[in-house]
1. Could you give the accessible area per residue of the range 1-59, probe 1.4 Å, as a whole number in Å²?
2. At a 1.4 Å probe radius, carbon and sulfur cover how many percent of the accessible area of the chain?
3. Need one number: nm distance between label points at Gln320 and Thr13, each 7 Å from Cα along Cα→Cβ, rounded to one decimal.
4. Roughly how many Å² of Trp303 are accessible to a 1.4 Å probe, to the nearest 10?
5. Computed over the Cα atoms of the chain, what is the ratio Rg over Rh, Rh following Kirkwood?
6. Once the whole set of protein chains is in place, how much accessible area is left on His245, using a 1.4 Å probe, in Å² to the nearest 10?
7. Count the net charge of all other residues whose Cβ sits under 12 Å from the Cβ of Gln320, scoring Lys and Arg as +1 and Asp and Glu as -1.
8. Assigning unit charges at the beta carbon (Lys, Arg +1; Asp, Glu -1) and nothing else, what dipole magnitude in debye, to the nearest 20, does the range 98-244 show about its Cα centre?
Amino acid sequence: MQEKELIPHLFKTEYRKIISVLCKLFGIAHIEIAEDIVNDTFLLASETWGLKGIPEEPTAWLYFVAKNKTRDYFKRTKIFNEKIFNDLKHNQSTSYELELDLSEENINDSQLQMLFAVCNPINSNELQIALALRLLCGFGVEEISNALLCSKDTINKRLYRAKTALRENNIDLSFPSNSSLENRLDNVLSILYLLFNEGYYSSTSSNSLSKDLCLEAMRLLYILTENEKTNVPRANALMALFCFHSSRFDARLDQSGQQVIYKEQDKTKWDAELIQKGETYLRYSAKSEQISKYHLEAGIAFWHSRIKVAEKDKWNNILQFYNRLLLIEYSPITALNRTYALAMAESKVTALKEALKIDLKKNHLYHSLLAELYNGIDPKKQTEHLDLAIKLAKNENDKLFLISKREKAKG
């Protein structure tokens, strides 16, 4: 890999590790210092490797430089000598020599603790997602702004507010106590769910699918499933859901980048290995009698991944999962999705009666579904709802897809 490709790659994989360890050492109140050290480390790599070539062990080189920069910072910074250094020394039971511990074990522990700190509900969901993308995924501000379709100024403000809230509320990187772990874990899972959905559905982005966001959500969730305390059934159910959805990445878009609806996808492009992993995680999730919304959504995604099964059986099972999901957590979008399953399992006429009860008249998905249900029943209403869907769609690819459907409907 060339230097111009390697450094961005390492930034994605190693930035989050180093900054998590630094924040664990300094405290999250001094997160800007940690960011400066990591940024300086990568800047030096860019300058040095461009002149002298890539070292034999690039990752080890980065860790070595980060350790030296941390050590230098302690030596020259008055605030650390006077206000923090003594406390840090006091907490080091074996040595007064402060050392940046970049062992695999400490990196894993630090990332897990950082995940809980970043996903602290003291910040809004949008602030948590922005901070997670920056600190835990190694995304630059421009990348975050592109992914979330916000200006760089907006992202910078979100990051500033998120960090300020963590600092002013003295949020630390200690692992949650047993008494608070359940609630804190629920919030972390919720943020990862939102992060994955932002990538998978991309309702506002010009791209219909952002794999990077989905894969980062999966990577962060993997950290949870690898830890004994957080490897709980609902985390495994969420991972199963992610695997099933991700298995259809390559089939969801055609060669021109336009979306391909489920029933028209090339099933040979579905990733059998990811489907199998999803099944494995789904089995792990069944080790408890508690059923979360992630279990039910994973069940829906499981049946969507079935190929050698009768369509009627598939949609009947999907419909039953939707029925249970609505009982656990009602949402208009879930009710809307259920009506499509109802149409497939029973009839469009039955589904139409249910769909018209849902209050989503300002949502393009609502009108898109109504157009689908009116197809073959009332061509005029089908076209009317397609026009409304096109008008309301925020995603350019969604608009192009709907325009294509309207042209086909008009014959």
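The values are calculated or read from the model by the stated rules, or taken from the named source; none is laboratory data. Not measured: the values here are computed from a predicted model. Virtual Cβ from ideal backbone geometry, glycine too; neighbours counted across all protein chains shown. The protein model used for the area step is the full one, side chains on, heavy atoms only, and it has no ligands, DNA or RNA in it. Shrake-Rupley method; radii C 1.70, N 1.55, O 1.52, S 1.80 Å.
1. Per-residue accessible area for the range 1-59 comes out at 48 Å².
2. 49
3. The two pseudo-label positions are separated by 4.4 nm.
4. Estimated to the nearest 10 Å², Trp303 gives 50 Å².
5. 1.03
6. Roughly 20 Å² of His245 is accessible to a 1.4 Å probe.
7. The answer is +2.
8. With only Lys, Arg, Asp and Glu charged at Cβ, the dipole is about 540 debye.
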